[in-house]
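Engineer: Sharing a structure, written as structure tokens. Questions coming.
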Ligand code: GCU
């Protein structure tokens with residue numbers, strides 16, 4: 001049934017090179033990976049800005065007895081040298097106390113507070129995870145303003161059809177945190193997850209797709225131009241998203257409004273780039289705007305890439321799961337809960353349960 005539903009969408013083939021040749025091995029998929037990244041950058045999110053010439057991380061504040069003394073809190077300032085200028089954005093790091101190296105989340109979040117409705121910090125720390133929090137608008141405003149913050153350094157002109165949009169910029173900032181992680185004594189650089197909700201779930205996916213250093217890529221309720229296939233999608237369409245939020249994307253993406261069926265890509269391209277790493281997709285039953293079924297279908301469609309690595313990808317029962325189900329048997333997680341558009345404690349715990357399982361292997 002799932003295979004049939006995917007077939008009916010006539011998706012562009014993941015495993016066919018641009019020149020029409022088939023992609024049959026994981027080595028071939030590594031070459032296809034470059035084509036897929038190229039398509040998604042040129043058509044959807046814009047060309048990812050290059051790494052800064054130099055990165056320096058400054059400790060600006062520290063509290064060693066945070067969360068009743070069980071955590072360390074640090075405020076960091078990331079200084080990025082771009083075209084000879086010092087461009088900065090802040091990041092907050094909270095780590096559990098103790099010996100050894102901890103797995104961490106790089107969380108691109110909405111709020112201005114570290115303890116936020118989408119961020120159950122105490123539970124995360126108690127479960128032995130550290131976290132880096134980027135408050136997304138500290139990097140670039142969630143608006144059409146490309147003249148302030150990091151945006152003015154990362155995009156000189158919005159005239160180019162493939163100029164980076166804001167999603168690419170927020171993702172770029174998460175990659176700079178990843179640059180810093182190997183220098184942190186108490187962080188396990190092999191066990192880093194990037195996570196975001198909604199527009200920031202789209203950001204987490206683009207980040208993890210473009211940067212293979214992230215072992216876990218978590219999209220919560222990311223919907224349109226995130227985890228959901230755009231063809232025959234319930235809820236938000238490309239016309240609707242590009243009407244309200246054109247600046248999230250590259251200018252060329254606007255051309256696909258109302259033209260989903262003819263697009264030379266769909267969101268399974270994005271999800272397949274996470275292979276052979278772990279993809280964790282969360283959907284909510286009440287979040288019809290995001291389109292849970294198409295989020296599930298895109299995850300299932302990415303299995304073709306996992307298969308080339310001898311992996312299962314998402315293990316499912318060949319039907320759309322009932323609410324309050326975790327499909328967690330394979331390399332990918334599909335977490336489907338009741339309720340509405342939200343990043344809840346329940347979601348975080350499902351993601352940490354899955355990562356805990358993968359880490360002991
Ligand atoms: C809007 C938008 C979605 C987005 C969401 C969010 O609803 O249409 O695409 O995911 O905002 O970020 O909360």
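Engineer: Mind listing the Cα extents of the chain along all three principal axes, in Å, largest one first?
Structural biologist: In descending order, the Cα extents are 56, 45, 39 Å.
Engineer: From the square roots a ≥ b ≥ c of the eigenvalues of the alpha-carbon gyration tensor of region 175-232, which class results: rounded (a/c under 1.5), prolate (a/b over b/c), or oblate? Provide the component values of the computation, followed by the final result.
Structural biologist: On the way: a/c = 3.09, a/b = 2.77, b/c = 1.12.
Note, shape of region 175-232 comes out prolate.
Engineer: Give the residues of region 59-98 whose amide nitrogen is closer than 19 Å to a point set 7 Å from the Cα of residue 345 in the direction of its Cβ.
Structural biologist: Once the point is set 7 Å along Cα→Cβ of residue 345, 67-71 turn out to lie under 19 Å by backbone N, inside region 59-98.
Engineer: Here is a follow-up. For a label point 7 angstrom out from the Cα of residue 3 toward its Cβ, which stretches of region 294-325 have the backbone nitrogen within less than 14 Å?
Structural biologist: Output list for this probe position: 301, 303-304, 316-319.
Engineer: To continue, here is another question. Counting other C-beta atoms within 10 Å, which of 198, 222 has the fewest, and how do the rest follow?
Structural biologist: With the sparsest Cβ surroundings first, the list reads 198, 222.
Engineer: Let me check against my output: what whole-number percent is the relative contact order of the chain, with C-alpha pairs under 8 Å and at least 6 apart?
Structural biologist: This gives 17 percent for the chain.
Engineer: Taking the chain as a Gaussian network, Cα atoms linked when under 10 Å apart, which of 274, 131, 82 shows the biggest mean-square fluctuation?
Structural biologist: Ranking 274, 131, 82 by mean-square fluctuation puts 82 first.
Engineer: Turning to a different aspect of this structure: Taking 8 Å as the Cα distance limit and 6 or more residues as the minimum spacing, I'd like the relative contact order of region 228-316 as a percentage.
Structural biologist: It rounds to 37 percent for region 228-316.
Engineer: Roughly how many nanometres apart are two label points built 7 Å out from the Cα toward the Cβ at residue 183 and residue 86?
Structural biologist: 1.4
Engineer: If you average the alpha carbon positions of region 1-65 and of region 164-200, how far apart do those two centres end up, in angstrom?
Structural biologist: Each part reduced to its Cα centre gives a spacing of 15 Å.
Engineer: Starting from the Cα gyration tensor of region 219-340, take the square roots of the eigenvalues, sort them a ≥ b ≥ c, and report rounded, prolate or oblate (rounded when a/c is under 1.5, otherwise prolate if a/b is larger than b/c, else oblate).
Structural biologist: Oblate is the answer for region 219-340, as a/c is 1.5 or above yet b/c matches or exceeds a/b.
Engineer: Rank the residues 207, 224 as a footprinting-exposure proxy: fewest other Cβ atoms within 10 Å of their Cβ go first.
Structural biologist: Details: 207 28, 224 25.
Taking fewest neighbouring Cβ atoms as first place, the list is 224, 207.
Engineer: Could I ask something else about it? Run through the DSSP bridge list for the chain and note the antiparallel percent, rounded to the nearest 5.
Structural biologist: If we restrict to bridges inside the chain, about 55 percent are antiparallel.
Engineer: Next question. Stretched out fully, how many nm does the piece from residue 285 to residue 75 gain, at 0.36 nm a residue minus the Cα gap? Each step should come with its number before you reach the end.
Structural biologist: Numbers: separation 210, 0.36 × 210 = 75.60 nm, distance 3.66 nm.
Working it through step by step, the gained length comes to 71.9 nm.
Engineer: Another question, then. To make sure I understand, if each residue's beta carbon is the centre and we count other beta carbons within 10 Å, what order do 67, 280 fall in, fewest to most?
Structural biologist: Ascending number of Cβ neighbours within 10 Å: 67, 280.
Engineer: With a ≥ b ≥ c taken as the square roots of the eigenvalues of the C-alpha gyration tensor of region 106-198, please select rounded if a/c is under 1.5 and otherwise prolate if a/b is larger than b/c or oblate if it is not?
Structural biologist: prolate
Engineer: A further question on this structure: Given a Förster radius of 22 Å and the C-beta distance between residue 309 and residue 101 as r, what FRET efficiency does 1/(1 + (r/R0)^6) yield to the nearest 0.05?
Structural biologist: 0.25
Engineer: Assuming 0.36 nm per residue, please report the length gained on full extension of the stretch residue 213 to residue 232 beyond their Cα-Cα distance.
Structural biologist: Going from the current span to full extension adds 3.6 nm.
Engineer: Output the relative contact order of region 94-226, whole-number percent, from Cα pairs under 8 angstrom with separation of 6+ residues.
Structural biologist: That works out to 26 percent.
The numbers here are math on the coordinates, done by the rules we state, and not lab data. Quick caveat, the model's predicted, so the values are computed rather than measured. Quick reminder, even Gly has a Cβ in these numbers, built from the backbone with ideal geometry, and neighbours come from all protein chains shown.
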